[in-house]
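The values are calculated or read from the model by the stated rules, or taken from the named source; none is laboratory data. Since this is a predicted model, take the numbers as computed values, not measurements. Here Cβ is always computed from backbone atoms with ideal geometry, including for glycine, and neighbour counts include all displayed protein chains. Calculation scope for accessible area: heavy atoms of the full protein, side chains included, ligands and nucleic acids excluded. Shrake-Rupley method; radii C 1.70, N 1.55, O 1.52, S 1.80 Å.
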Amino acid sequence: MVKKNTCVFISGQGSNLKNLISCSRDNTFPIKISLVISNKKNAYGIKYAKKYNIPYILINTKIKNYENKILFNLKKYKISFICLAGYMKIISSILINNYKGKIINIHPSLLPKYKGLNTFSRMLKDKEKNAGCTVHYVNEKLDSGSNIIQKKFIINDNDNETILRNKTQRLEYRAFPEAIIKIFRNT
Ligand code: GRF
């Protein structure tokens with residue numbers, strides 16, 4: 001099987017990156033993590049790129065046309081698939097048009113509910129019954145592309161933001177790889 005050269009975009013902890021790196025060591029997993037892009041130079045997740053000798057690039061998003069730099073590097077590393085894993089910037093049409101249907105994101109809510117930030121505090125405030133995560137395709141609108149996989153759990157009375165985050169992340173570590181397998185199953 002020829003694995004798809006994949007770039008993972010991060011901004012922070014990188015625990016999903018770590019999980020995808022670990023999955024991709026399996027010969028049957030459809031992607032290889034060939035590049036990591038971070039818009040934060042101190043992102044903790046960069047340490048996983050270093051540890052596993054994966055090339056990584058730091059992007060200064062204050063610079064005009066920074067996405068051209070991203071695109072240049074994606075081409076340089078022959079990237080054909082992109083996973084956004086806690087990347088806290090909106091992807092613009094430059095990348096979306098060059099990677100149509102090839103960019104996916106993981107979000108900590110049951111989309112279309114709770115797009116954007118602070119998902120857990122908003123769920124608690126609304127007394128939601130269910131929480132979960134969604135892996136979806138990325139389009140130009142925030143957290144709005146079609147869903148690939150969702151996983152949910154029932155919110156307990158004593159769940160606070162931290163507990164919800166932990167429970168959601170545990171589901172994310174299953175949802176992201178499953179979504180990737182689903183996408184490439186028939187290719
Ligand atoms: C995840 O919870 C994801 O749903 C959200 O950002 C978080 C990233 O966590 N988009 P990590 O950096 O992978 O640990």
Let me check the size of the stretch 47-118 from its C-alpha atoms; what are the radius of gyration and Dmax in Å?
13.7, 37
Cα Rg, Dmax, the chain, angstrom units:
16.2, 50
Which of VAL36, SER15, LEU58, positive extreme of dipole for the stretch 12-63 (C-beta unit charges):
LEU58
Check which residues have an amide H placed less than 5 Å from ASN39's amide H, if you skip close sequence neighbours.
ILE10, ILE59
Could you pull out every one of the aspartates and glutamates with an alpha carbon less than 18 Å from that of LYS76, ignoring same-chain neighbours closer than 8 positions?
GLU67
In whole angstrom, the spacing between the Cα centers of the stretch 119-187 and the stretch 77-115 equals 15 Å
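Tell me, what is the percent relative contact order of the stretch 64-109, built from C-alpha pairs under 8 Å that lie six or more residues apart? Let's see the in-between values first.
On the way: 24 pairs, mean separation 21.2, N = 46.
Across the stretch 64-109, relative contact order equals 46 percent.
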Any chance you could give the angle, 0 to 90 degrees and rounded to 10, that helix 15-24 forms with the longest Cα principal axis of the chain?
60 degrees
Restricting to Cα pairs below 8 Å that are 6+ residues apart, what does the relative contact order work out to for the stretch 1-138? Please round to a whole percent.
24 percent
Over 22 Å (Cα to Cα) among LYS18/LYS167; LYS89/LYS129; LYS50/LYS141; LYS69/LYS115; LYS75/LYS102 -> LYS89/LYS129; LYS50/LYS141; LYS69/LYS115
Ranked by GNM mean-square fluctuation in the chain (Cα springs under 10 Å), the top entry among ASN118, ASN105, ASN147 is ASN118
Using a simple charge model, +1 on the beta-carbon of Lys and Arg, -1 on the beta-carbon of Asp and Glu, nothing else, what dipole does the stretch 94-148 show about its Cα centre, in debye to the nearest 20?
100 debye
By the scheme Lys and Arg +1, Asp and Glu -1, what is the net charge of all other residues having a beta-carbon under 15 Å from that of LYS167?
+1
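For the stretch 1-77, what does the convex hull of the Cα positions come to per residue, in cubic angstrom? Show your work: numbers first, answer last.
Working: hull volume 5.8 nm³, N = 77.
Cα convex hull per residue, to the nearest whole number: 76 Å³.
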The percentage of the accessible area of the stretch 85-187 (probe 1.4 Å, all protein chains present) made up of carbon and sulfur atoms, to the nearest whole number, is 50 percent
With +1 on the Cβ of every Lys and Arg and -1 on the Cβ of every Asp and Glu, the dipole magnitude of the chain about its Cα centre, in debye rounded to the nearest 20, is 560 debye
Could you report the chain's accessible area per residue, 1.4 Å probe, as an integer in Å²?
56 Å²
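Quick one: putting +1 on the C-beta of Lys and Arg, -1 on the C-beta of Asp and Glu, what dipole do you get for the stretch 9-82 around its Cα centre, in Debye to the nearest 20? All intermediate terms of the calculation are to be shown ahead of the outcome.
Details: 14 positive and 2 negative charges, 58 e Å.
Once rounded to the nearest 20, the dipole reads 280 debye.
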